[in-house]
Amino acid sequence: MSEYIIENGRIYTETETIERGYLVINNEKITEIKSGDYHGDLTTIDAQGQHIIPGFIDIHMHGGYGEDAMDASYDGLKHLSESLLSEGTTSYLATTMTQSDENITKALENIVNYQKAQDQYNAATIVGVHLEGPFISEHKVGAQNPAYVQ
């Protein structure tokens, strides 16, 4: 289905709520948001009683679903990204912790390798990295390992 319609749901945009309307989806991208009823020939998905909202962007994601951005393999990042999308998160910043330079470098390499291929998956997109430490106050380390604070 390269172009289709999602209709009958309550549509939330950044400026309004459309009680009765539809989305035009083309190549998995929203190309139009319209009020009213759809009267065309495209395949439709009935979202009756559902809420249609923009995807969430998580700016601080250490991990989940048994995966951690610090030690996740390619497959681990793929699993995390697929799982996040299933809950409505469409993109995120993979977040590191204060650890050794070697561990941080390895995490960044794993993330970059996954990013190079991520467009082929139906999954949340890693849009960047949140480097949490090691340059933080030794008086405010929180859950970070103080041995690696610089």
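Any idea what the dipole of region 1-91 comes to, in debye rounded to 20, about its Cα centre with Lys/Arg Cβ at +1 and Asp/Glu Cβ at -1? Intermediate values should be presented prior to the final figure.
Details: 5 positive and 17 negative charges, 41 e Å.
Dipole of region 1-91, to the nearest 20 debye: 200 debye.
Please express the Cα-Cα pair-distance distribution P(r) of the chain as a list of whole percents, one per 10 Å bin, running from 0 to the bin with the greatest distance.
11, 31, 25, 19, 11, 4, 0
Identify all lysines with a Cα-Cα distance to Lys106 below 21 Å; exclude those on the same chain that are fewer than 8 residues away in sequence.
Those lysines meeting the cut-off are Lys78, Lys116.
Kindly express, to the nearest 10 degrees and within the range 0 to 90, the angle between helix 74-86's C-alpha long axis and the longest C-alpha principal axis of the chain.
Here the helix axis deviates by roughly 40 degrees.
With a cap of 13 neighbouring Cβ atoms within 10 Å, and only residues DSSP puts in a loop, list the GluC sites (Glu not before Pro) found in region 53-116.
Those satisfying the criteria are Glu87.
How about region 51-150: which trypsin sites (Lys or Arg not before Pro) there lie in a loop by DSSP and see at most 11 other Cβ atoms within 10 Å?
Those that pass, being in a loop and sparsely packed, are Lys140.
With equal scatterers on the alpha carbons only and no solvent term, can you work out the Debye log10 of I(q)/I(0) for region 3-52 at 0.16 1/Å?
-0.38
So what is the relative contact order of region 56-148, in percent, for Cα pairs below 8 Å that sit 6 or more residues apart?
34 percent
Under 10 Å, Cα contacts only: if you run a Gaussian network model on the chain, which one of Gly88, Gly21, Gly64 comes out with the highest mean-square fluctuation?
Gly21
Could you please report the charge total around Gln48, scoring K, R as +1 and D, E as -1 over all other residues with beta-carbon less than 15 angstrom from its beta-carbon?
-2
Among Gln50, Gln118, Gln99, determine the one that fluctuates most according to a GNM of the chain built with springs between C-alpha atoms less than 10 Å apart.
Maximum fluctuation in the GNM of the chain, among the listed residues, is at Gln50.
What size of dipole, in debye to the nearest 20, comes out for region 56-148 about its Cα centre when the only charges are +1 on Lys and Arg C-beta atoms and -1 on Asp and Glu C-beta atoms?
That gives region 56-148 a dipole magnitude of about 140 debye.
Springs between alpha-carbon pairs under 10 angstrom, Gaussian network model over the chain: which of His79, His139, His51 fluctuates most?
Its mean-square fluctuation being the largest, the pick is His139.
Since every read-out is calculated from the coordinates, none of them should be taken as a lab result. A quick note: this is a predicted structure, and the numbers were derived from the prediction, not measured. Counting neighbours? That spans all protein chains shown, and the Cβs are built from the backbone with ideal geometry, glycine included.
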